[in-house]
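The values are calculated or read from the model by the stated rules, or taken from the named source; none is laboratory data. Here the structure is a predicted model, which means the values were calculated and not measured. Note that each Cβ is placed from the backbone with ideal geometry, even for glycine, and that neighbours are counted across all protein chains shown. When the accessible area is computed, the model is the full protein with side chains, heavy atoms only, and any ligands, DNA or RNA have been set aside. Shrake-Rupley method; radii C 1.70, N 1.55, O 1.52, S 1.80 Å.
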Amino acid sequence: MTIVNDVEGAFKREEEKIIFVVIAKNELTALYDDIQFSDPDAFMSVSPKVMTNKVFYEW
């Protein structure tokens with residue numbers, strides 16, 4: 001997870017933060033549910049088939 005603070009939202013022009021995560025396809029529903037529970041107004045963008053230069057392992 002990477003958090004970027006102090007960014008300006010395009011819609012309201014208010015200070016926001018961006019959270020980047022790389023997850024497996026089978027984790028998407030759980031992440032979506034958690035985000036909706038935490039902030040029902042959150043914006044979420046999903047990009048399939050992202051290429052990485054590292055192999056990710058479950059901890």
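Given the alpha-carbon gyration tensor of the chain, what are the semi-axes of its equivalent ellipsoid in whole angstrom, ordered largest first, with each equal to the square root of 5 times an eigenvalue?
Result for the chain: semi-axes of 23, 15, 10 Å.
Could you work out the relative contact order of the chain? I mean the mean sequence separation of Cα pairs under 8 Å and 6+ apart, divided by the number of residues, in percent.
The value is 21 percent.
Angle check, please: helix 28-38 long axis (alpha carbons) against the longest principal axis of the chain (alpha carbons), in degrees 0 to 90, nearest 10.
The helix 28-38 is inclined about 30 degrees to the chain.
Given a 1.4 angstrom probe, what's the average accessible area per residue across the chain, in square angstrom?
On a per-residue basis, 107 Å².
In the chain, which trypsin sites (Lys or Arg not before Pro) are in a loop and have at most 15 other Cβ atoms within 10 Å, using DSSP for the loop call?
Lys12, Arg13, Lys49, Lys54
Express in nm, to one decimal, how much length is gained between Phe11 and Val50 on full extension, taking 0.36 nm for each residue of separation and deducting their alpha carbon distance.
Using 0.36 nm per residue and subtracting the Cα-Cα distance, I get 11.4 nm.
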